[in-house]
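The values are calculated or read from the model by the stated rules, or taken from the named source; none is laboratory data. Quick caveat, the model's predicted, so the values are computed rather than measured. Quick reminder, even Gly has a Cβ in these numbers, built from the backbone with ideal geometry, and neighbours come from all protein chains shown. With ligands, DNA and RNA removed, areas are computed over all heavy atoms of the protein, side chains included. Shrake-Rupley method; radii C 1.70, N 1.55, O 1.52, S 1.80 Å.
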Amino acid sequence: MIVKQQILQRLKGGIIVSCQANPSTPLGRPEVLAALAAAAEQGGAVGIRADGPANVAAIAELVSVPIIAIYKQTHPGSEVYITPTPQAAQEVFACSTPSPAIIAFDATDRPRPNGYTWQEILRFIQNELGALAMADISTFEEGLAAAEAGADLVATTLSGYTAPTAFKREQSGPDLELVSQLAQEVPCPIICEGRIRSPQEAYAALCAGAWAVVVGTAITAIDRVTANYVAAMKACTR
């Protein structure tokens, strides 16, 4: 319990930088992502979110802040791809020394590969791996259910990325309404993740009740950020 509280306190009120990239891009190499993570820590990040054993292992060598590890995998017949099985959790947990402090997983109400339930993955992360479990959810009901099942943290990562919440993806900024709802009703820390594009939006997320915020694209996706500038500048007809 002491270790858990120490990890959570390290995250409180801070920014967690998501260092992820498609492997087909110049950024999508372990050594590059590790450099981005180290730079983020130097800038004051309290944690790093990273995907896949190779990337997590490389990042763990360069940072001292807690790592939130995921393992994105696609499986036929399932829309769930964020750490969808206990095996995925095991692989990303065992890839480095020390192991990631937190494993995040999809806790939405959708079918998983091989008949697994998100509750089984939650228990595996906590009981078998001894890591903290962060439930990535898309709705208030999913967040409440995850907290009641014992998740250590609940994150709004998938708001806008499931069929019932798809309309939110076009909304500007993070889902502050969901953050506020969860913060008022859920006893565990709420992590705001998704569509945070500025320091002002990160500040607003904390004010809405978030324990910490995760920012990815706006900081680490150099290619996408550059493309946004290019697209905006093309609109000038001068």
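Observations
- Shape class for segment 158-204, computed from the alpha carbon gyration tensor (a ≥ b ≥ c): oblate, with a/c not under 1.5 and a/b at or below b/c.
- Note on exposure: R123, R110 ranked by accessible area (1.4 Å probe, complete protein assembly) read R123, R110, with the most exposed listed first.
- The chain - percent of accessible surface contributed by carbon and sulfur, probe 1.4 Å: 54 percent
- Across segment 18-89, Cα pairs under 8 Å and at least six residues apart give a relative contact order of 26 percent.
- In the context of the full set of protein chains, segment 190-238 has a per residue accessible area of 62 Å² (1.4 Å probe).
- Candidates T25, T74, T165: whichever shows maximal mean-square fluctuation once the chain is modelled as a Gaussian network with Cα springs under 10 Å: T25
- Distance from segment 110-167 to segment 57-81 (C-alpha centre basis), Å: 15 Å
- Note on the chain: GNM, Cα springs under 10 Å; of V225, V186, V92, the largest mean-square fluctuation is that of V225.
- Alpha-carbon centroid distance for the pair segment 18-34 / segment 180-226, whole angstrom: 21 Å
- Close amide-amide hydrogen proximity is noted between V214 and I16, C192, E193, G194, each under 5 Å apart and 5 or more residues distant or on a separate chain (H modeled in the peptide plane; Pro and chain starts excluded).
- Protein-only accessible surface order, largest first, of D51, D175, D223, D109 at 1.4 Å: D109, D223, D51, D175
- Rounded, prolate or oblate (a/c below 1.5 giving rounded, otherwise prolate when a/b exceeds b/c) for segment 90-238 by Cα gyration tensor: prolate
- Annotation: amide H of G150 has no partner in the under-5 Å range at sequence separation 5 or more or interchain, hydrogens built in the peptide plane.
- Rounded to the nearest 10 Å², the accessible area of S180 at probe 1.4 Å: 40 Å²
- Applying 1/(1 + (r/R0)^6) with R0 = 45 Å to the Cβ-Cβ distance of Q184 and Y229 gives a FRET efficiency near 0.75.
- Here the Karplus relation 6.51 cos²θ - 1.76 cosθ + 1.60, evaluated at θ = phi - 60°, turns the backbone of segment 161-172 into coupling constants of 10, 10, 3, x, 10, 4, 5, 6, 5, 8, 6, 7 Hz, with x for every Gly and Pro.
- Lysines with Cα under 18 Å of K4, excluding same-chain neighbours fewer than 8 positions away: K12
- Heavy-atom accessible area order for F93, F167, largest first, 1.4 Å probe: F167, F93
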